[in-house]
Amino acid sequence: MSVDVVAGEVLGTVGGLDTTNTQLDMWAYDNEMAPLAFANSAAQPSDAMQVACSLDWFTEDLSQFL
């Protein structure tokens, strides 16, 4: 799936400090990377084999902030 967005475009929201949902769980997948090495790969879902750090997709200053 591919979604085109422009810089500054709001992609979604999460709860606020006045709710029980105050975290943001981000996952990123990179189908171009080699599969990760797990101690027991059979115990992992197939999409976990190419999980990337989602912070790598942000600018350095925003990545440090997050």
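Can S2 be described as free of Cβ contacts under 8 Å to residues at least 60 places away in the same chain, in a loop (DSSP other than H, G, I, E, B) and of a type in the set (S, T, N, Q)?
Answer is yes for this residue.
Which residue is farthest from Q23 (Cα to Cα), if the candidates are limited to segment 39-66 and must be aliphatic (A, V, I, L, M) and surrounded by 13 or more Cβ atoms within 10 Å (Cβ to Cβ)?
M49
If you take the residues in segment 27-38 that are exposed (fewer than 11 other Cβ atoms within 10 Å of the Cβ) and either touching a Lys or Arg at 6+ places or on another chain (Cβ under 7 Å) or of a type in the set (A, V, I, L, M, F, W, C) (or both), which one is farthest from S2 (Cα to Cα)?
A37
Looking at L11, L24, which is the one that is out of contact with any His (no Cβ under 9 Å at 6 or more places or on another chain) and surrounded by 10 or more Cβ atoms within 10 Å (Cβ to Cβ)?
L24
Going residue by residue through segment 21-37, is there one that turns out to be among the polar types (S, T, N, Q) and modelled with pLDDT of 85 or more?
yes
The values are calculated or read from the model by the stated rules, or taken from the named source; none is laboratory data. Small disclaimer: the values here were computed from a predicted structure and weren't measured. Neighbour counts are summed over all protein chains in view; Cβ atoms, including those assigned to glycine, are modelled from backbone coordinates with ideal geometry.
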